[in-house]
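Report on the following structure.
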Amino acid sequence: MAAEKEMDQHDTPGTGAISSEAGIGPPGNNSGTLGKDPDTEARRQRFYQAAEPLFTRFGYRKTTVEDICHAAGASKRSFYDLFHDKADLFLHMMFAISEKEVLRWKEKLPAELSPTRKLDSFIELYVSHIASHPIWRDTFNNPDVLRAMGAMMGEIYFSPIVLTLGEILGAGIKSGDFRGIDPEKTLWIILSLLDSVFLLAPELYRDQDWITSRAMVDEVKSFILNGVHGVNHEN
């Protein structure tokens, strides 16, 4: 759900903080649209609702801007007023979907949960999200989508998936649940690991069971949780 930080020119953190507790710094450019105005987002939603079924049924490559505009009942001019191209729409649509699911998850999450259990639940959320939206795999199948993701890195820093993980890591360090990790590096290591195991590897090895395997999910969780603790632990 997030690309590796090193893939974009925005590699040097700025002075702002994604999480005041974690001290995770975003790039200096915060001109992205993930923190957008409601009117623009409402117009975008029309295209998202039209595009997702097309991407799901036909795949990214076979779905055209013309197809999306026809399904949305909108002109290409309206499309290009909102998006640079198909890849830009695809990524904004996918992050809009993940934003809703993350916020819904946070609303239901018991406040008294320890940082360890929150991180465990966060990983479960990630896996279930990928499983229910397999078109995320197109992120790694198309060079134009990867380029668009690099251009969006300033926005991704402020996406709910990144902000939420930053909050969990920051709270865990502050409470002593987690060892003295570098929160920013750890955040991107975790997201890159999850993307690699559940998005990239299933395509590389032609084995979609990676996403649905309970044993695989549990091993990845154990790997991450043991890493932030630095010792063996029990939930």
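Tally Lys/Arg at +1 and Asp/Glu at -1 over every other residue whose Cβ is under 13 Å from the Cβ of Q49; what's the total?
After counting each charged neighbour, the total is +2.
I'd like the Karplus ³J(HN,Hα) series for region 199-214: coefficients 6.51, -1.76, 1.60, θ = phi - 60°, whole numbers in Hz, and an x wherever there's a Gly or Pro.
The phi angles translate into 10, 6, 4, x, 6, 5, 9, 6, 9, 6, 5, 4, 6, 9, 6, 4 Hz.
Which of S98, S78 comes first, and how do the rest follow, when ranked by fewest Cβ neighbours within 10 Å?
Numbers: S98 21, S78 15.
Least to most surrounded, the residues fall as S78, S98.
Identify the trypsin sites (Lys or Arg not before Pro) of region 134-218 meeting these criteria: DSSP loop state and at most 15 other C-beta atoms within 10 Å of the C-beta.
R179, R206
Could you list the GluC sites (Glu not before Pro) in region 92-133 that lie in coil according to DSSP, counting only those with at most 10 other Cβ atoms within 10 Å of their Cβ?
Filter output for region 92-133: E112.
So how many Lys-Lys pairs in region 85-229 land under 24 Å Cα to Cα, not counting same-chain pairs under 8 apart?
17
Averaging the inverse of every distinct alpha carbon separation and then flipping it gives the Kirkwood radius. What is it for region 85-229, in angstrom units?
15.9 Å is the Kirkwood radius here.
Net charge near V65, counting Lys/Arg +1 and Asp/Glu -1 over other residues with Cβ under 10 Å of its Cβ? Kindly include the intermediate steps, with their values, before the conclusion.
Details: positive: K76, K86; negative: E66, D67, D85.
Once all neighbours under 10 Å are counted, the net charge is -1.
First select every other residue whose beta carbon is under 10 angstrom from the beta carbon of D177; then total the charges, Lys and Arg +1, Asp and Glu -1. Let's see the in-between values first.
Working: positive: R117, K118, K174, R179; negative: none.
It works out to a net charge of +4.
To make sure I understand the rule: partners must be aspartates and glutamates, Cα under 12 Å from the Cα of K62, and not fewer than 8 residues away in the same chain. Which ones qualify?
Candidates past the 8-residue exclusion: D138.
Under the 0.36 nm per residue contour assumption, what length would be gained going from the current alpha-carbon distance of E99 and N141 to full extension?
12.9 nm
Bear in mind that the values in this text are calculations on the coordinates, not laboratory data. Just so you know, these numbers come straight off a predicted model, no measurement behind them. In this analysis, Cβ positions are derived from the backbone assuming ideal geometry, glycine residues included, and neighbour counts consider all displayed protein chains.
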